[in-house]
Amino acid sequence: MSKIIVAGAGHGGLVTAIKLAEAGHEVLVFERKEKEKLGMPQCDTVEKKAFVYAGIPIPENCKTVRNAITLIPKEEGVTPFTLPPPEEESVLIDRKILINHLLDLCEDAGVRIFYGVEITAPILLGNRVCGIKTEQQDFYGDLVIDSCGVYSPVRMGLPEYMCVNREIKKYDVLNSYRAYFNKIPDAPEPETNYNVYLRDDGTVGFTWLVTEEDRVDLLISRFHHPEKDEILEIMRTMHEENPQMGTELLQGGEHTVIPICQPLAVLVADGYAAVGDSAFMTYSIKGSGIAYSFKAGTILAQCVNNDNLNRYDAEVLWNYQRKFFKEIGFSACRIAIIKNILPYMSAEQANELLKQNILTNEEMSKLMAEKADAVLNAKGIATLKEKLKLVKDNTLIKGIVTNIIVWLGKFTVTEASFPSKYTPQDISKWTRKYNEFFDSIRAE
C-alpha cells in the first residue's frame, strides 16, 4: 500500500483520509493549527444525504432542521419573500463538534495526525508532486491531497503548466463575520426566523439573522473586508429592528473567508489532488462547502483505491475530477454564474426581481436544495427566455435576466469541451476556455 499525505485538516481531506486508511494505506495528516483550535465557532446545516453518501455517521445529539429562508426587501412596500422549507432534512451541527468527530474517525482508522505543522510549499520532483515542505522539515509521500483551504500554500506553489493554481480575484471570496447573541426571553417571536436582508448597500454582500430557541445568529458577509465601524453599524440596525436580539456575545465574533466562485478548472496533477476549499468546492448560495467536500472526498478516495498500480498520476486522478464535475462541479458552476450577478445588482434591482417573480418559490427551493440542474438546464433556460418577454419593458431588471440567459447558454458550450481523458494539450485548452469564460462575466 501507499504513503498518502493529507495537507490540512479540512472536511474533504479528513473524509478522504478515513477511507484511505480503512483501505490499508499509510495516511498522514499535517495541520497548522493545534487540535483545540480547529473548527470555526459556529453552526452550519449539512444535508443528511451528504453523510450517507460518504458513509460518515452523524454525530449524536444533533438537531435536524428544514430552514425556510425569508428574503427581507429594502423597500417597505415589497412583501418579504419566504421560500418553502426544503424537502430533505439537514443536520444542524457545531463545526467544532463536526471536525472533532472526523478527527476521531481518522484516529480510529489508523490515520496519524500532526498538529502545529506549518506547510510552506509543495515538493516537486520533475513534473511530480512528491511531498510537502514545512517549517520543521520535509515530508515525502506517494500522493499529496491538498486540503489546506482557500489560500493553500501547496496549490499556490504549483507551477503554471500544471493548470491547477489560479489567481484569487475580488469576487471569488466573501469576508464574513459570524456571531451569536443572547435571545431576550420576553421579546415577541419574529414572524420568520431565518431572514436574509437586502439593504441600501446593494449586493456587495448580504446579512442574515437567524432566531433560534435560545440565541440569535448574525452573519455579515461582504466582498470587501468589512471594517469594525461597518460591522457595528449593521449590528446596531439588526438590534433595533429585532427586539429578540440581545447584546451579549455568546459565541463567535470572528472573521472568516468563504470561497463562493466556481470550482478550479483542474483539480489534479501527477501526485496531487485538491479537495474542499483548496479546490473552491463551495455552494455559492449557501456559502458552505461541507456537503460538497464530503462527496468529493469520497469520490477521491474511490479513485485512489481503484489505482491498483499505485500510479497516482494526473491521468489516473482525472477519473476523480471527471466524476466530481459530472455529479457536482457543473451544477456548482451554474450556481456560480447566478451568484456572479450580485456584484452588478443593486438592492432596488433585487427587490424588483422578487416583485416580478422571475424565480418562483419552487425554483428557488430547488436551488437552495442544491438542485441547480433541475432549474438551470436547457428547459429552465427556455423558461427564463419566456420570462424575459414579461419584463421586456422593465429597464431595471431586463439586463440582469438577459445576462443570466446569455451566460448559461455560453457555459453549455464550455461544458461540452470538458476532456474525457487527461492529456496536457487537452487540459491546457480546457483550462484556458473555462477560465476565460468566467473572467468574461466577472464584474471588475
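The values are calculated or read from the model by the stated rules, or taken from the named source; none is laboratory data. All of these numbers come straight from a predicted model, not from anything done at the bench. Using ideal geometry, Cβ is built from the backbone for each residue, glycine included, and neighbour counts are taken over all protein chains shown. All accessible areas refer to the heavy atoms of the entire protein, side chains included, with ligands and DNA or RNA removed. Shrake-Rupley method; radii C 1.70, N 1.55, O 1.52, S 1.80 Å.
Please give me the summed charge of the neighbours of Asp426: other residues whose Cβ is under 14 Å from its Cβ, Lys and Arg +1, Asp and Glu -1. Display every interim value, and only then the final one.
On the way: positive: Arg322, Lys421, Lys429, Arg432, Lys433; negative: Glu315.
So the environment of Asp426 carries a net charge of +4.
Excluding ligands, DNA and RNA, what is the solvent-accessible area per residue of the chain at a probe of 1.4 Å, expressed in Å²?
Value returned for the chain: 44 Å² of accessible area per residue.
Rounded to the nearest 0.05, what FRET efficiency do His255 and Lys421 give with R0 = 60 Å and r taken as the Cβ-Cβ distance? Could you check? Mind dumping the intermediate values first?
Values: r = 42 Å, r/R0 = 0.70.
It comes to 0.90.
Looking at the chain as a GNM with Cα springs under 10 Å, which of Ile337, Ile405, Ile260 has the largest mean-square fluctuation?
Per the Cα network of the chain with a 10 Å cutoff, Ile405 tops the list.
Which net charge results when you count Lys and Arg as +1 and Asp and Glu as -1 among the other residues whose beta-carbon is under 14 Å from that of Phe139?
Numbers: positive: Lys3, Arg32, Arg112, Lys133; negative: Glu26, Glu31, Glu118, Glu135, Asp138, Asp142, Asp146.
Neighbourhood net charge equals -3.
Ranked by accessible surface with a 1.4 Å probe, highest first, in what order do Tyr53, Tyr140, Tyr194 come? Present the calculation step by step, with values, prior to reporting the outcome.
Numbers: Tyr53 80, Tyr140 120, Tyr194 30 Å².
If we order Tyr53, Tyr140, Tyr194 from most to least accessible, we get Tyr140, Tyr53, Tyr194.
Quickly work out the Thr395-to-Leu232 label distance, labels modelled 7 Å from Cα along the C-beta direction, and quote it in nm with one decimal.
Each label point lies 7 Å from its Cα, and together they span 4.1 nm.
Enter the angle in degrees (range 0 to 90, nearest 10) between the Cα long axis of helix 290-305 and the first principal axis of the Cα atoms of the chain, meaning the one along which they spread out most.
Result, in degrees: 20.
Using a Gaussian network model of the chain whose springs link C-alpha atoms within less than 10 Å, name the residue from Ser278, Ser176, Ser417 with the highest mean-square fluctuation.
Residue with maximal mean-square fluctuation among Ser278, Ser176, Ser417: Ser417.
(i) 22.8; (ii) 28.0; (iii) 23.9: which one is Kirkwood radius over Cα pairs in Å as calculated from this entry?
(i)
Considering amide H positions built from the backbone, and no H for Pro or chain starts, which residues 5 or more places from Ala23, or on another chain, come under 5 Å of its amide H?
The answer is none.
List the residues, sorted by chain then number, that are 5 or more residues from Val6 or on another chain and whose placed amide H is less than 5 Å from its amide H.
It is Leu28, Val29, Phe30, Ile145, by chain and number.
As a check on your grasp of the helix formula, calculate [θ] at 222 nm for the chain: sum -39500 (n - 2.57) over DSSP H runs of n ≥ 4, divide by the residue count, round to the nearest 500.
Roughly -11000 deg cm²/dmol at 222 nm, from the helical runs in the chain.
For segment 237-323, which trypsin sites (Lys or Arg not before Pro) are both in a DSSP coil and crowded by at most 15 other Cβ atoms within 10 Å? Write down the numbers at each step before the final one.
On the way: sites: Lys286, Lys295, Arg311, Arg322, Lys323; in loops: Lys286, Arg311.
Here the trypsin sites (Lys or Arg not before Pro) that fit, given the DSSP loop and packing criteria, are Arg311.
Residue by residue, what Karplus-based ³J(HN,Hα) values in Hz, rounded to whole numbers, does segment 258-273 have, using 6.51, -1.76 and 1.60 with θ = phi - 60° and x for Gly and Pro?
10, x, 9, 9, 5, x, 4, 5, 10, 9, 9, 8, 4, x, 8, 8
How much of the accessible area of segment 1-157, in percent, comes from carbon and sulfur atoms when a 1.4 Å probe is used? Walk me through the numbers on the way to the answer.
On the way: 3450 of 7060 Å².
C and S fraction of accessible area: 49 percent.
Probe radius 1.4 Å, ligands and nucleic acids left out: which of Tyr422, Tyr283, Tyr151 has the largest accessible area, and how do the rest follow? Walk me through the numbers before you get to the answer.
Details: Tyr422 45, Tyr283 0, Tyr151 120 Å².
Ranking Tyr422, Tyr283, Tyr151 by accessible area, largest first, yields Tyr151, Tyr422, Tyr283.
For the chain, what is the relative contact order in percent, using Cα pairs closer than 8 Å and at least 6 residues apart in sequence?
18 percent
Compare Tyr161, Tyr177 by solvent-accessible area with a 1.4 Å probe and give them largest first, with all protein chains kept in place.
On the way: Tyr161 130, Tyr177 25 Å².
Listed by decreasing accessible area, they come as Tyr161, Tyr177.
Return the sequence-ordered ³J(HN,Hα) values of segment 101-116 in whole Hz as given by the Karplus equation 6.51 cos²θ - 1.76 cosθ + 1.60 applied to θ = phi - 60°, using x for Gly and Pro.
Each residue of segment 101-116 in turn: 4, 5, 5, 5, 5, 4, 5, 4, 7, x, 6, 9, 10, 10, 9, x Hz.
What ³J(HN,Hα) values, in whole Hz, does the Karplus curve 6.51 cos²θ - 1.76 cosθ + 1.60 give for segment 313-323 when θ = phi - 60°, with x put for Gly and Pro?
Those phi angles translate into 8, 4, 4, 6, 5, 4, 4, 5, 5, 4, 5 Hz.
Charges on Cβ only, +1 for Lys and Arg, -1 for Asp and Glu, centred on the Cα centroid of the chain; of Ser440, Val196, Ala23, which one is farthest towards the dipole's positive end?
Ranked along the dipole, the leading option is Ser440.
Around Val111, with a cut-off of 14 angstrom between Cβ atoms, what is the net charge of the other residues, counting Lys and Arg +1 and Asp and Glu -1?
On the way: positive: Lys3, Lys19, Lys35, Arg112; negative: Glu22, Glu26, Glu31, Asp104, Glu107, Asp108.
Its environment carries a net charge of -2.
With unit charges on the beta carbon (Lys/Arg positive, Asp/Glu negative), name the residue among Gly271, Tyr115, Leu83 whose Cα is farthest towards the positive pole of the charge dipole of the chain.
Toward the positive end, the furthest listed residue is Gly271.
Would you mind working out the magnitude of the charge dipole of segment 224-325 relative to its Cα centre, with +1 at each Lys and Arg C-beta and -1 at each Asp and Glu C-beta, to the nearest 20 Debye? Walk me through the intermediate numbers first.
Values: 7 positive and 13 negative charges, 129 e Å.
Computed charge dipole of segment 224-325: roughly 620 debye.
Evaluate E = 1/(1 + (r/R0)^6) for Thr192 and Glu36, where r is the Cβ-Cβ distance and R0 equals 60 Å; express this FRET efficiency to the nearest 0.05. Numbers along the way, then the final one.
Numbers: r = 36 Å, r/R0 = 0.61.
Between Thr192 and Glu36 the formula returns 0.95.
Going by amide H atoms built from the backbone, whose H comes under 5 Å of the H on Tyr283, apart from near neighbours?
Correct list: Ser288, Gly289.
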